[in-house]
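Visitor: Take this structure, written in structure tokens, and hold onto it; I'll ask about it next.
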Amino acid sequence: MIRALLFDMDGVLADSEGISLDIGIAYFASIGVHADRTSFSSAIGCGERTFFDKTASLLGLSGPPYCYDDASAFFRKEYTERIKNLSISLPGAGIVRAAHERGILTALCSSAPEWKVFANIEAAGLERSDFDFIATGKDIKRNKPEKDIYALALIALGVDASEAVVFEDAAGGIESGKRAGCRVVSMETTIGKEEAERAGADAVIKDLSSIPSFHDSGELESFLFAKSLPPKRYGAVMIKPCGKGCSENILIEEARKAWEHGYAPYSGFRVGAALVSAATGRIYSGCNVENSSYGATICAERNAITTAVANEGAVGIDTIVVYSDDDPPAPPCAVCLQVLSEFSSPDTSVVLVTPNTEPVRYKFSQLLPMPFIFPTMR
Ligand code: THU
């Protein structure tokens, strides 16, 4: 489960690389040395010291007129001046706030100096309070591609590496996130898909705006990492499964909770049902609702299905749990089986549960071998 998102700054949330490169070129020009954007290509994204020292050495400068402290002071003065009233937000940077609001922890992990990180947060249309933790160049001795900045964020947030996703745009940053044990998503803002995958990226997206709005970390997880599976027929509908399973215990618990709400003042027989949607992995539940006019009663399974359709449109059912207090556990009635057949495949699993017995599992085709599906929908 994703509990935390760790963001690099430049090339992910904000585009300050162009400005930085121009100032780098201007600095070397000020000491009479010609540099162009390619002079910096192997030194980007690994902190300011590397940005200048490595480029200087590539340009054949090991000492005066080159001086890192002068370069750093030149950079800070120029940068602060140029960034004023400038928007450098990259598409989709709003995901930070969206995640924060949905209870997912957020951290900013940039090797840049603190003054630059704070200036960039503002210029990217964000606020410091959108992040649960901010780590900058001053907090670590060893820069990316070492794991330190991401390892520090994991400790600060109290999450395990397996629960965190790093968003990066450069090879050194991808490597850093991988070394910290996290899954890494790379943007195509700075390097291409192939280079990102060579560096170890688990997923590559165009930029953060490619991520659709999500309700919870499960939906984010399926979008970022679910292998895309071919569309599959569920009864009368074709659905693209997200490939994300759902633990049977969770489904059983949801069905049990619905069972507790069963409205059965006439029969006294409560039923709960919970199903998992193949497209999203989301769970929908329902209970039986009886009526003074007995025939108006609606079964638990049909209430679960109508809730699912109301939320997602046509659904594919991978598993449905039916919870009742019967021995042996009650199967869905024939009317419910027919309604289920509209959204089930022959191998949809139907799990029958009671408070006191072990779950009994069937394939849908065992319970209804010959469902009626309208000819044009087969
Ligand atoms: N019931 C269900 O909820 N699902 C079924 O598949 C079979 C029956 C409910 C309807 C009614 O409220 C009670 O069980 C007794 O028939």
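Visitor: With the chain treated as a Gaussian network of Cα nodes joined by springs under 10 Å, which of Ser292, Ser344, Ser209 yields the largest mean-square fluctuation?
Guide: Top of the fluctuation ranking is Ser292.
Visitor: I'd like the FRET efficiency for Asp139 and His215, computed as 1/(1 + (r/R0)^6) with the beta carbon distance as r and R0 of 41 Å, rounded to 0.05.
Guide: Plugging the Cβ-Cβ distance into 1/(1 + (r/R0)^6) gives 0.80.
Visitor: Oh, and also: Between Met1 and Arg198, what is the FRET efficiency for a Förster distance of 22 Å, r being their Cβ-Cβ separation, to the nearest 0.05?
Guide: Computed FRET efficiency for Met1 and Arg198 comes out at 0.20.
Visitor: Could you report the chain's accessible area per residue, 1.4 Å probe, as an integer in Å²?
Guide: Accessible area per residue, the chain: 47 Å².
Visitor: Follow-up. Would you check the accessible area of Met377, probe 1.4 Å, heavy atoms only, in square angstrom rounded to 10?
Guide: Its accessible surface works out to 80 Å², give or take rounding.
Visitor: Note down the nm distance, to one decimal, between modelled labels 7 Å out along Cα→Cβ at Lys363 and at Lys240.
Guide: Spacing of the two 7 Å Cα→Cβ label points: 2.8 nm.
Visitor: Determine the relative contact order of the stretch 15-133: mean sequence separation of Cα pairs under 8 Å and six or more apart, normalised by residue count, in whole percent.
Guide: Reported relative contact order: 27 percent.
Visitor: What helices in the chain pass both tests, a Cα length along the helix axis of 24 Å or more and a mean Kyte hydropathy of -0.5 or higher, using whole DSSP H runs?
Guide: Working: long enough: none.
Sorted by number, there is nothing, because no helix extends far enough and scores high enough.
Visitor: Starting from the 7 Å offset along Cα-to-Cβ, what nm value, one decimal, do you get for the label separation of Ala26 and Glu114?
Guide: Going by the 7 Å Cα→Cβ label model, 2.6 nm.
Visitor: How large a share of the accessible area of the chain, in percent, is made up of carbon and sulfur atoms when the probe is 1.4 Å and the other protein chains stay in place?
Guide: C and S atoms contribute 53 percent here.
Visitor: Let me ask something else about it. At a threshold of 8 angstrom on Cα-Cα distance, excluding pairs fewer than six apart, so keeping six or more, what relative contact order does the chain reach in percent? Intermediate results must be reported in sequence, preceding the final value.
Guide: Working: 766 pairs, mean separation 45.9, N = 378.
Over the chain, the number comes to 12 percent.
Visitor: Might you work out the accessible area of Tyr263 for me, using a 1.4 Å probe with all protein chains in place, and round it to the nearest 10 Å²?
Guide: Looks like 110 Å² after rounding.
Visitor: If a paramagnetic tag sat 7 Å from the Cα of Arg97 along the Cα-Cβ line, which residues of the stretch 9-30 would have the backbone N under 16 Å from that point?
Guide: Once the point is set 7 Å along Cα→Cβ of Arg97, 13-14 turn out to lie under 16 Å by backbone N, inside the stretch 9-30.
Visitor: Then there's this: Would you calculate the separation in nanometres between label points at Asp326 and Thr297, each defined as 7 Å from the Cα along the Cα-to-beta-carbon direction?
Guide: About 1.0 nm separates the two model spin labels.
Visitor: For the chain, count all C-alpha to C-alpha pairs, find those more than 33 Å apart, and express that count as a whole percent of the total.
Guide: 47
Visitor: Still on this structure, I have one more. Using only helices, what value at 222 nm comes out for the chain when you add -39,500 (n - 2.57) per DSSP H run of length 4 or more and divide by the total residues, to the nearest 500 deg cm²/dmol?
Guide: One gets -10000 deg cm²/dmol as the mean residue ellipticity at 222 nm.
The values are calculated or read from the model by the stated rules, or taken from the named source; none is laboratory data. Every value quoted in this text rests on a predicted model; they were computed, and no experiment measured them. All Cβ positions, even for glycine, are placed from backbone atoms using ideal geometry, and neighbour counts span all protein chains on display. Please note that ligands, DNA and RNA were not included when accessible areas were found on the heavy atoms of the full protein model with its side chains. Shrake-Rupley method; radii C 1.70, N 1.55, O 1.52, S 1.80 Å.
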